[in-house]
Amino acid sequence: MRPARSRSLALLALALLQLPAALASLPARAASALAAWSFTDNGVLELRTATGARLEAFFEAGDRRQGPRVWIDFPGELSRSRSVRGSGALREIRLGKPTPGSTRLVLEFQPGVELDPARLKLVGTAADRWKLVFEGMPTRGLRAIGEGDLTARSGGWSSGVQITPTRTPINAAGLPDVPRGRYHVVIDPGHGGPDPGAVGIAGLRETDVVLDISFQVAQLLEAKGVQVTMTRTADVDVDLPPRVALANRVGATAFVSIHANAISMSRPEVNGIETFYFSDPRSARLAARIQRQVLNVSPGSPDRGVRQGRFFVIRRTTMPSSLVETGFVTGGLDSPRLATAAHRRRLALAIATGILEYLQEAR
Ligand code: ZN
């Protein structure tokens, strides 16, 4: 959905992430960009990657049962999932492919280990080298582990990626619980059919992005015992009044419309997340929950805020409703992410978490 006002709040965060000259995404099954890694006995993670690879790093605090986790996503598919036992404060390092065509390196620490995400930063030390120092981590008992050759020649410099603190679960098992069979949520994938919505970099279409995310949100909510109705389940055009009528007819507990944003193709510096509601406080709470979660999984993408909007689907629905813009298909940062299945999976987990958190509070 095109915003009525397009502000350029986006400039700041771009410096945090590498912006490749070519924005075309890798072929789906390219080999993993992770070439070698090591974790030293003084608590430093070192990585060698394909030159210019785009990395994303995440942090999740621990609880009594599970230690804190840091994970890093790389483009390209890992050949073989595996885990390597750690020592000292480091419980284990796992390598996996959360979705086809991707690679994830997870560092899981022992329960009780305290890490401050504000002090964690994955720094590019060369075009193909990265370093993450776990400042303040106890190093007693750590043994060096690693795989591959870290010493291969490299050149050039790249910028760092800030670690993002998140409570967004990394898989369906971590979603918040709500009483089964009590709630009914309508998920509205924006646009469809002859109306592709926004079309962005490399032909990325809003309709495709939001349909994929919406299907996954629906499936995640259903797995938690929430009844879900989708306003469309294929690439077809559904007018706005029938979407609203459907939601009002089924007596939904909440209505969430999922979109991606756009501005001129000549404004790739404009990126960001925003969630709209029309007027009532419950809708505002729903929007705030979703916004926070989507920001969690979109490191570096600006917070454009929880905002009042007059969009038909949120204005005319009779239950708490909100409309989330998951990023700009025209954005140099957002668009390549929205094009990847791994990011759409995280967005689905984030939106489902936001909805479940709202339902928990609404009880
Ligand atoms: Zn839209």
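The values are calculated or read from the model by the stated rules, or taken from the named source; none is laboratory data. It should be emphasised that the depicted structure is a prediction, and the values quoted were computed from it without experimental measurement. As a convention, Cβ positions derive from the backbone with ideal geometry for all residues, glycine included, and neighbour counts pool all protein chains shown.
So which residues in the range 230-248 are closer than 10 Å to Val186 by Cα and hydroxyl-bearing (Ser, Thr, Tyr)?
Passing the criteria: only Thr231.
How many residues does the range 166-188 hold that are among the hydroxyl-bearing types (Ser, Thr, Tyr) and free of Cβ contacts under 8 Å to residues at least 60 places away in the same chain?
Here the count works out to 0.
Quickly run through the range 63-87 and pick out the residues that are farther than 22 Å from Gly148 by Cβ and out of contact with any strand residue (DSSP E or B) (no Cβ under 7 Å at 6 or more places or on another chain).
Asp63, Arg64, Arg65, Gln66
Which of the residues that make up the range 113-158 are modelled with pLDDT of 85 or more and among the acidic types (Asp, Glu)?
Scanning the range 113-158 gives Glu114, Glu147.
Just give me the residues in the range 50-66 being over 20 Å from Ala126 (Cβ atoms) and either in contact (Cβ under 8 Å) with a residue 60 or more places away in the chain or surrounded by 22 or more Cβ atoms within 10 Å (Cβ to Cβ) (or both), in sequence order.
Phe58, Phe59, Glu60, Ala61, listed by residue number.
For every residue, the table says whether it meets (1) at pLDDT 95 or above; (2) closer than 21 Å to Arg310 by Cα.
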site: Val186; (1), (2): yes, yes
site: Gly192; (1), (2): no, yes
site: Gly197; (1), (2): no, yes
site: Thr207; (1), (2): no, yes
site: Val210; (1), (2): yes, yes
site: Ser214; (1), (2): yes, no
site: Gln219; (1), (2): yes, no
site: Thr229; (1), (2): yes, no
site: Ala234; (1), (2): no, no
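Can you tell me which residue is surrounded by the most Cβ atoms within 10 Å (Cβ to Cβ) among those in the range 256-269 that are touching a residue at least 60 places away in the same chain (Cβ under 8 Å) and away from the ligand (no atom under 15 Å from the Cβ)?
This residue is Pro268.
Every residue in the range 325-339 that is assigned to a helix (DSSP H, G or I) and within 16 Å of the ligand (Cβ to nearest atom), please.
Matches in the range 325-339: Asp334, Ser335, Leu338.
Hey, could you check the range 193-209 for residues that are under 23 Å from the mean Cα position of the chain (by Cα) and on the phi > 0 side of the Ramachandran plot and say which is farthest from the ligand (Cβ to nearest atom)?
Only one residue tops the list, namely Ala202.
Can you tell me which residue in the range 304-319 is farthest from Ala202 (Cα to Cα), limited to those that are of a type outside the set (S, T, N, Q) and in a loop (DSSP other than H, G, I, E, B)?
Met319
Being modelled with pLDDT under 95, under 20 Å from the mean Cα position of the chain (by Cα) and crowded, with 20+ Cβ neighbours inside 10 Å narrows it down to one of Glu357, Glu325, so name that one.
Glu357
Part of a loop (DSSP other than H, G, I, E, B) and away from the ligand (no atom under 16 Å from the Cβ) - does that describe any residue in the range 340-357?
Taking every residue of the range 340-357 in turn, at least one turns out to be part of a loop (DSSP other than H, G, I, E, B) and away from the ligand (no atom under 16 Å from the Cβ).
For Thr275, indicate whether it is at pLDDT 95 or above, under 17 Å from the mean Cα position of the chain (by Cα), under 20 Å from Thr353 (Cα atoms) and among the polar types (S, T, N, Q).
It is true that Thr275 is at pLDDT 95 or above, under 17 Å from the mean Cα position of the chain (by Cα), under 20 Å from Thr353 (Cα atoms) and among the polar types (S, T, N, Q).
Quick one: which of Ser322, Ser301 is farther than 30 Å from Arg180 by Cα, in contact with a strand residue (DSSP E or B) (Cβ under 6 Å, 6 or more places away or on another chain) and not in a helix (DSSP H, G or I)?
Ser301
Kindly indicate which of Arg104, Arg2, Arg94, Arg7 is at pLDDT below 90 and away from the ligand (no atom under 16 Å from the Cβ).
Going through Arg104, Arg2, Arg94, Arg7 in turn, just one is at pLDDT below 90 and away from the ligand (no atom under 16 Å from the Cβ): Arg7.
Pull out all pairs, ordered by first then second residue, where Cβ-Cβ is under 7 Å, the residues are six or more apart or on different chains, the first lies in the range 204-217 and is more than 26 Å from Leu175 (Cα to Cα), and the second is hydrophobic (A, V, I, L, M, F, W, C) and more than 12 Å from the ligand (Cβ to nearest atom).
Every condition considered, the pairs that remain are Leu204/Leu338; Leu204/Ala339.
Restricting to the range 76-131, give me the number of residues that are surrounded by fewer than 18 Cβ atoms within 10 Å (Cβ to Cβ), touching a Phe, Trp or Tyr at 6+ places or on another chain (Cβ under 8 Å) and part of a loop (DSSP other than H, G, I, E, B).
1
Any idea how many residues of the range 171-190 are surrounded by 23 or more Cβ atoms within 10 Å (Cβ to Cβ) and either within 21 Å of the chain's Cα centre (by Cα) or within 16 Å of the ligand (Cβ to nearest atom) (or both)?
Final tally of qualifying residues: 4.
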